[in-house]
């Protein structure tokens with residue numbers, strides 16, 4: 001793909017913004033202090049959390065965990081300067097904010113977006129991974145999986161950034177996850193199809209990634225036409241004059257839309273790294289992170305009660321069928337691999353394991369009192385019950401057969417299981433927020449130039465910028481509400497394209513061609529990279545006898 005550097009002689013770019021302005025020297029020291037402070041905070045938090053539960057990490061294990069976290073946070077850092085450049089392009093090219101202030105402003109609201117995120121997107125990404133690797137994330141295969149998918153996503157992000165191409169970090173990460181799943185399936189010695197990708201979940205995630213850019217183009221196109229009808233002032237839809245800032249109201253709108261996109265980007269994209277970091281922590285320090293030990297002891301009676309109600313609901317779907325806890329684990333693992341839960345044996349297994357888990361937690365008194373040796377096994381059992389229950393309640397045939405009260409009981413218990421296993425410690429949110437926010441302030445120029453100068457044939461106007469960012473912010477926030485990962489890059493860049501067409505600006509064919517090429521190639525390239533890396537890392541592990 002050819003470089004997308006701007007043509008300095010192009011008439012439409014004569015009044016482009018100044019992108020070479022430097023931050024005050026003290027800004028660099030603040031940046032470095034925040035970077036070092038964030039890493040130190042993460043390290044101290046890990047030591048504190050593990051010491052509190054009596055888990056002593058050996059120096060080698062701590063260093064290995066540190067390396068894995070640095071790679072995961074590195075992905076979020078690259079995500080920051082790769083994706084968030086889209087959010088600041090409009091305010092920079094409409095002269096609403098100077099470039100240095102814009103990237104700091106955007107970085108701060110990315111930081112807030114991560115801190116205030118729900119965590120729903122984090123675990124929608126995790127569920128794409130093979131069941132075997134999630135259950136045994138602390139194994140050599142689990143570590144190879146995490147390193148392979150993160151390295152592949154970072155490599156493709158850096159490659160597209162080098163040529164100034166607005167490519168999706170979400171697209172790259174999901175492609176890497178699918179590549180690991182397929183490689184695991186091909187390398188599996190078990191029956192075909194039992195250790196690969198959850199294509200049902202993958203289809204939903206890929207559909208969101210596929211349709212969100214089309215939605216961005218169409219919505220921005222329509223919104224700009226509506227704006228022209230409601231606000232017909234010509235200066236909103238023509239090239240800014242020189243380096244003059246827009247009128248006060250328009251400027252406030254553009255800063256608001258930049259803020260909204262930055263906040264939404266942090267809330268959605270920041271969670272993707274959180275889920276992977278939690279897998280790393282669960283694998284390296286299961287006693288501290290496999291279970292949410294902050295759940296109060298007072299919540300245990302309600303958990304036990306909900307488990308009994310759910311167990312009874314499951315039993316009514318499997319009259320006369322009984323299984324042992326060991327048989328239940330095998331049955332539920334197979335059900336998750338096959339994505340088939342509508343069988344009496346599966347419901348009997350759910351009933352048995354739900355009651356077994358609740359009895360163990362009741363005996364301990366709370367999740368915080370679970371012995372270190374029992375933590376990984378309890379977490380695996382809770383994972384099996386939770387994900388199989390979620391799959392069952394989404395099955396239309398199962399819902400038709402179960403009474404409304406039974407469905408409600410199962411869903412209530414699922415929420416309590418999620419509270420105990422699917423959580424994000426505050427320090428993880430802070431570390432990811434810092435990585436994403438600081439990344440926003442580095443390397444943004446290449447993507448900003450592409451979005452601001454190389455999509456439409458004319459300079460970005462106030463109306464074009466506002467419509468593209470309003471659509472992007474609302475789409476991303478809506479996707480976060482439903483726990484769906486979407487691409488800020490795809491939505492915003494396609495929104496700029498839609499607004500350009502609606503404004504009569506037309507599109508630059510070479511840029512659009514390269515953007516579509518990246519859109520099409522990202523998934524297979526990321527899959528290939530992660531699959532090959534996964535295989536190489538597994539071979540390395542076997543050669544070293546680890």
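Taken as a whole, the condition of being at pLDDT 80 or above and either under 28 Å from the mean Cα position of the chain (by Cα) or closer than 24 Å to residue 261 by Cβ (or both) does not apply to residue 51.
Only one entry in 526, 499, 518 is over 26 Å from the mean Cα position of the chain (by Cα) and touching a residue at least 40 places away in the same chain (Cβ under 8 Å), namely 499. Is there a residue being free of Cβ contacts under 8 Å to residues at least 40 places away in the same chain, part of a helix (DSSP H, G or I), out of contact with any strand residue (DSSP E or B) (no Cβ under 7 Å at 6 or more places or on another chain) and closer than 30 Å to residue 369 by Cβ anywhere in region 280-288? No, region 280-288 contains no residue that is free of Cβ contacts under 8 Å to residues at least 40 places away in the same chain, part of a helix (DSSP H, G or I), out of contact with any strand residue (DSSP E or B) (no Cβ under 7 Å at 6 or more places or on another chain) and closer than 30 Å to residue 369 by Cβ.
Tallying residues that are touching a residue at least 60 places away in the same chain (Cβ under 8 Å) and either surrounded by fewer than 22 Cβ atoms within 10 Å (Cβ to Cβ) or within 31 Å of the chain's Cα centre (by Cα) (or both) within region 502-515 yields 4. Residue 294 fails exactly one of the following numbered conditions: (1) part of a helix (DSSP H, G or I); (2) surrounded by fewer than 23 Cβ atoms within 10 Å (Cβ to Cβ); (3) over 21 Å from the mean Cα position of the chain (by Cα). What is the number of that condition? All conditions pass for residue 294, except number (1). Count of region 428-450 residues, restricted to those that are under 23 Å from residue 376 (Cβ atoms) and over 17 Å from the mean Cα position of the chain (by Cα), is 0.
Flag: residue 354 does not match the condition of being more than 26 Å from residue 128 (Cα to Cα) and not in a loop (DSSP other than H, G, I, E, B). Got at least one residue in region 109-122 being modelled with pLDDT under 85, closer than 30 Å to residue 235 by Cβ and not in a loop (DSSP other than H, G, I, E, B)? Looking for residues that are modelled with pLDDT under 85, closer than 30 Å to residue 235 by Cβ and not in a loop (DSSP other than H, G, I, E, B), one finds none in region 109-122, hence no.
Taking the numbered list (1) outside any helix (DSSP H, G or I); (2) out of contact with any helix residue (DSSP H, G or I) (no Cβ under 8 Å at 6 or more places or on another chain); (3) under 18 Å from residue 411 (Cβ atoms) in turn, residue 320 passes all entries but (3). Only a single item in (1) buried (at least 19 other Cβ atoms within 10 Å of the Cβ); (2) at pLDDT 75 or above; (3) over 16 Å from the mean Cα position of the chain (by Cα) is not met by residue 155, and it is number (1). What are the pairs, 6+ residues apart or on separate chains, where a residue within region 415-429 that is surrounded by fewer than 18 Cβ atoms within 10 Å (Cβ to Cβ) has its Cβ under 7 Å from a residue that is assigned to a loop (DSSP other than H, G, I, E, B)? Correct list of pairs: 419/292; 419/295. Would you be able to say whether some residue in region 373-387 is buried (at least 22 other Cβ atoms within 10 Å of the Cβ), over 23 Å from residue 281 (Cβ atoms) and modelled with pLDDT of 90 or more? Checked against the condition, which is being buried (at least 22 other Cβ atoms within 10 Å of the Cβ), over 23 Å from residue 281 (Cβ atoms) and modelled with pLDDT of 90 or more, region 373-387 yields no hits at all.
The values are calculated or read from the model by the stated rules, or taken from the named source; none is laboratory data. Remember, it's a predicted structure, so these values are computed and weren't measured experimentally. Glycine also receives a Cβ, built like all others from the backbone with ideal geometry; neighbour counts cover every protein chain displayed.
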